[in-house]
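What follows is one structure encoded as structure tokens, with my remarks underneath.
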Amino acid sequence: MKNHYKALGRMTQLTGLPLEYAAGLPKVELEGFTTARVECHRGVLQYSENIVELGGKGAKIRISGSGLGLKALSPALAVITGRISGAEYIFGEDGE
Amino acid sequence: MRGILDMIRGTARLKVTGARPERMLNILAREGIWFSRAESEDGAGISFTVLHSDLKRTRRLAAQAYFETELLRHAGLPTIAQRVKRRFAIYLLPPLLLLTAFVLSLFIWEIEITGSETISDAQLLSVLEENGVGIGTMGLTIDRELLRDKVIDALPQISWMTVNVSGCKAEVIVRERIEPPKTIDIKQPMDIIAAKTGLICELSVFEGLKQTDKGVTVLQGELLISGTMPSISGKTRYVHSQGIVKARTWYEISEKIPLEYISKRYTGETETKKSLLIGNYRLNLYLNGGISLDACDKIIYKERLSLPGGILLPIEIVTAEYREYIAEPVRMSEDDAAAILKSGLTRKLQAQTKGEPLSLEFETAQNGEFLTVTLRAECMEDIGLTVPIQQLAKE
């Protein structure tokens, strides 16, 4: 499965088309230091003031910081606000 | 804006506990239930706010996912409406207030007087009160024509009046009687005598017999133009003397003023007492009627309450402010004292003379604690005074 994602990445680089996005991979956008927008997520996995973890295809998305909160949550979009110090993908045991 | 909408729609704050409470947020997102202020409760649960209309559905969904829910608080209009649902008095209050406002508007709570110049407002209000029109009178019961006749009877200076009632305000419009000018009865025999002592400068006789001449000094009361005329037939003829007798007159007026006087110095200590004036009934909003201040001035402020739209209520907030002062002696400068006296003496002279002063002279003298100012003036004025012929009056 990992090879499948690698191939997708290569094709994206070659064609210049957003194929990863089209394949339903998560998209994370940071707006300044206070807002993070996550599209194509698969729900909230962990929720606290310091960490908000969202599920995604292929990896979990972890937003860390302080005073974090969910401003909006829909099946397609999650908007996290607060003092954001990091955003990372976690390819865990259940990562595809 | 969002807050106002939430207030109108109503919100409920819920706490959800169970295994992986974050799942509840996903459920809400999947079901399209709007939520806000999601907070983690130290791993034991999660709390969030949903709209009042989504509360039942949220609870049902939470139960289906094996979560326990706890309602933390309600807010907004639906909650308030639910609270007052069975308090019937609240439903009665608006119509009761409207009824009260309607009943109160039938009575007069303010009287405004226009057009009176010589008659005081207090005098007119007193007469109106005697005739049944005052604060608290029902506006519809006033018979304007009858009231006008009664007021004109009581106050002959009034020629016409009317009362316009608008809401709880009565406007009393008054027209005062214009007195006809005094006429001279030229058939009445009269002499002209000197009203003041002076030196005659101008003497013009239109009717009567001249008794003095220009350049002559006359004393007060001296006959200037006689109304008793000799006749060729031997019979005495009496006329109404007319003429102008202008003379130079002299005045000497003195006034004195103490240089030291008592003045108030305000200490800054104040006390206020409030009371409500409902119609003519006073309701004190304080328990102790005494004042702790030694010497004080009392200033009363009145504020009339009104409804939106300018409808006056028969309620006034009366605020009595007491300002403490200390009476202490103050010394006035001589210049200030002299200026006060000069102004007073000039006014006094103007009141005594009919003409313009030819010359004015002030003399200032200090006598101990008093300042004396003497005014010496020379004036030119008509000193003729028309009086009935003394001889005829004796007869």
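Nothing in this text is a laboratory measurement; each read-out follows from the coordinates by a stated rule. If you're wondering where the values come from, they're calculated on a predicted model, not measured in any experiment. A quick note on method: Cβ atoms are made from the backbone with ideal geometry, for glycine too, and the neighbour counts reach across all protein chains shown.
Summed over all non-identical Cα pairs, the Kirkwood treatment of chain B gives a radius of 32.1 Å. As a ratio to 2.2 N^0.38 Å, the alpha-carbon radius of gyration for the stretch B:138-203 is 2.17.
Using only the Cα atoms of the stretch B:110-176, each taken as one equal point scatterer with no solvent, compute I(q) by the Debye sum, divide by I(0), and report log10 of the ratio at q = 0.11 Å⁻¹. The computed values of log10 I(q)/I(0) come out as -0.20.
When Rg and the Kirkwood Rh are both derived from Cα coordinates, the Rg/Rh ratio for the stretch A:24-90 amounts to 0.91. Annotation: average projected area of the stretch B:2-83 is 5.1 square nanometres, based on the convex hull of Cα atoms across all directions.
Here, P(r) means the percent of Cα pairs in each 5 Å bin from 0 to the largest distance; for the stretch B:89-214 it is 2, 8, 14, 13, 9, 7, 6, 6, 7, 6, 6, 5, 4, 2, 2, 1, 1, 1, 0, 0. Note on the stretch A:24-90: with charges restricted to the Cβ of Lys and Arg (+1) and Asp and Glu (-1), its dipole about the Cα centre is near 140 debye. Of the candidates B:Arg87, B:Arg148, B:Arg331, which one comes out as most mobile in a Gaussian network treatment of chain B with C-alpha springs shorter than 10 Å? Of the options given, B:Arg87 has the highest mean-square fluctuation. Applying the criteria of a DSSP loop state and at most 11 other Cβ atoms within 10 Å to the trypsin sites (Lys or Arg not before Pro) of the stretch B:159-192 yields B:Lys182, B:Lys187. Across the alpha-carbon atoms of the stretch B:293-395, the computed radius of gyration and Dmax are 26.8, 76 angstrom. Residues whose amide H comes within less than 5 Å of that of B:Cys296, counting only those at least five positions distant or on another chain, are B:Tyr325 (H built at 1.01 Å from N in the peptide plane). Place +1 on the Cβ of every Lys and Arg and -1 on the Cβ of every Asp and Glu in the stretch B:263-327, take the dipole about the Cα centre, and give the residue among B:Leu276, B:Pro314, B:Ile300 whose Cα lies farthest towards its positive end. After comparing all options, I get B:Pro314.
Averaged over peptide A:40-50, the number of partner chain Cβ atoms lying within 10 Å of each residue's Cβ comes to 5. The slack between B:Met138 and B:Lys302, meaning 0.36 nm per residue of separation minus the straight C-alpha distance, is 56.7 nm. Rg and Dmax of the stretch B:263-327, based on Cα coordinates, read 14.8, 47 Å.
In a DSSP loop and with at most 15 other Cβ atoms within 10 Å, the GluC sites (Glu not before Pro) in the stretch A:21-89 are A:Glu49.
Sequence-distant contacts, meaning Cα pairs under 8 Å at least 6 residues apart, place the relative contact order of chain B at 13 percent.
Each peptide in B:71-83, B:53-65 was scored by the mean count of other Cβ atoms within 10 Å over its residues; highest first, the order is B:53-65, B:71-83. Taking a quarter of the surface of the Cα convex hull of the protein assembly as shown gives a mean projected area of 53.3 nm². Across the cross-link table entries B:Lys187/B:Lys354; B:Lys246/B:Lys342; B:Lys169/B:Lys302; A:Lys6/A:Lys27, which are compared at the Cα atoms, the separations over 20 Å belong to B:Lys187/B:Lys354; B:Lys246/B:Lys342.
The label-point distance for B:Lys187 and B:Glu356, in a model that sets each label 7 Å from Cα toward Cβ, rounds to 4.1 nm. With the gyration tensor restricted to C-alpha atoms of the stretch B:44-101, the semi-axes of the equivalent ellipsoid amount to 38, 10, 9 Å, longest first.
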